[in-house]
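Just below is one structure, and these are the notes that go with it.
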Amino acid sequence: MAVTGNGPRAGSGPLAGVRVVELAGIGPGPFAAMLLADLGADVVRVDRPGGGGLAIDPAHDVTNRNKRSVLVDLKSAGGPALVLDLVERADVLIEGFRPGVAERLGVGPADCHARNPRLVYGRMTGWGQEGPLAHTAGHDIAYIAVTGALGMIGAPDGPPAVPANLVGDYAGGSLYLVIGVLAALHHARTPGGRGQVVDAAIVDGTAHLTAMIHGMVAAGGWQDRRGANLLDGGCPFYGTYETSDGLYMAVGALEQQFYDTFVDLLGIGEQAPARKDLARWGELRESVAARFKSRTRAEWTAVFEGTDACVAPVLSLREAPHHPHLAARSTFTDFGGITQPAPAPRFSATPAALTGGPALPGADTASVAADWDVPGLTAKGGDV
């Protein structure tokens, strides 16, 4: 399939040949579609006239990279029919409306499966398609709050710390939608397989992320409160410490051999209390904190660099691309004047690639109309 115009090139990545229709939204839905596009899928984003609700210049919205965009007004008389024409030629559809909205617009699962029984219909919501809160508005912070995830994060004597929108929207939402879509796509392509609906709720995915912690609670190895456990900052050799220049180092020296290297390089090997003596964890934390405050972040980075102490500098978003390891791996890339994470993970036979910048609303109408054989998209520039 040839791609014309300014959109991304086709044929790159393990999902080359897979066609995805994304009904425009914000947050986890677009990020999930970006992941599929990064892996080579031909993702067509159906944007609404007038734009969406994200207050960012579309030219800088990297969650729409590697995609193409068409403009369709789903509330117009001919809008749903155009989307169904795309659906007939697609493998996957992703939408993030509140429950029932897609059905009212005429592009719900029943409408789509009537045109394409093998379609994987991916639904991205916070609360899910059913339950007492299903029709209620919400954002990442509320979803991770009720799952117990937010309550685990932060100091014991302060409020829970907000982890941006990474834990709910993207980890508990986008990643689980992509896992579900790929599993359902595999099933649809097996003998006797068929399309189905993937209900990806952020509350479900985020709760699933806490599986190990629930096991530890049941085993008596995790206290159900902040800052009192091995992995939540309660442990003095798993946390962050301020340096003399007001920056921070991150320590994760959990295993004995790593801890031994850590305290030796920190210079407290002879004075540090036994790591397993929980009664002296406060004393150990004070010793570690005092040592880190004696030098700058750059100085401590040089001390621990390349060792098995499991210590690393806490970098800002702008600093991260320049870290020597990340730079050597090209973990970040510059594309279209924007520094951004490169596609992940990596594949030996079908490497993924960044081939197109953020899709501008409606910019690819002509190429999609030709490639997908949906000439109706070009009527009125696709704004129907």
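The values are calculated or read from the model by the stated rules, or taken from the named source; none is laboratory data. Just so it is clear, the structure is predicted and the values come from calculations on it, not from any experiment. Every residue, glycine among them, receives a Cβ derived from its backbone with ideal geometry; neighbour counts consider all protein chains shown. Surface accessibility is based on the protein's heavy atoms, side chains included, excluding ligands, DNA and RNA. Shrake-Rupley method; radii C 1.70, N 1.55, O 1.52, S 1.80 Å.
Listed values, structure above:
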| item | result |
| --- | --- |
| With all protein chains modelled, accessible area of Asp73 [1.4 Å, Å²] | 50 Å² |
| GNM top mover of Asp47, Asp364, Asp61 - the chain, alpha-carbon springs below 10 Å | Asp61 |
| Area of His325 that stays accessible when all protein chains are in place (1.4 Å probe, Å², to 10) | 110 Å² |
| FRET efficiency estimate (nearest 0.05) - Cβ-Cβ, Asp334 to Ile26, R0 22 angstrom | 0.30 |
| Top positive-direction residue, dipole computed over the stretch 215-353 with Cβ charges, set Phe304, Leu284, Thr240 | Thr240 |
| Over the chain, relative contact order from alpha-carbon pairs under 8 Å, at least 6 apart, % | 22 percent |
| Cα centre as origin, Lys/Arg/Asp/Glu Cβ charges: the chain dipole, Debye | 540 debye |
| (1) 76, 45, 42; (2) 69, 45, 45; (3) 59, 55, 46, with the label sought being that of the calculated Cα extents along the principal axes in Å | (1) |
| Förster-model FRET efficiency, 41 Å R0, Ala155 and Ala183, C-beta, rounded to 0.05 | 0.60 |
| Label-to-label distance, nm, for residues given as Ser348 and Ala59 (7 Å Cα→Cβ offset) | 4.2 nm |
| Cβ-Cβ FRET estimate between Val101 and Glu255, R0 fixed at 35 Å, reported to 0.05 | 0.10 |
| Ranking by accessible area, most exposed first, for Phe258, Phe237 with a 1.4 Å probe | Phe258, Phe237 |
| Ranked order, Arg104, Arg194, Arg318, Arg98 - accessible area, probe 1.4 Å, largest first | Arg318, Arg104, Arg194, Arg98 |
| The stretch 265-299 and the stretch 131-156: distance between their alpha carbon centers, rounded to Å | 35 Å |
| Carbon plus sulfur fraction of accessible area for the stretch 123-274, probe 1.4 Å, in percent | 60 percent |
| Estimated inter-spin distance, His325 and Ala16, nm [label 7 Å along Cα→Cβ] | 3.2 nm |
| Highest-fluctuation residue, Ala320, Ala363, Ala219 considered, GNM on the chain with Cα pairs under 10 Å | Ala219 |
| Sites matching chymotrypsin sites (Phe, Trp or Tyr not before Pro) across the stretch 273-329 that sit in DSSP coil, with at most 12 neighbouring C-beta atoms within 10 Å | none |
| Of all DSSP beta bridges in the chain, antiparallel share, percent nearest 5 | 35 percent |
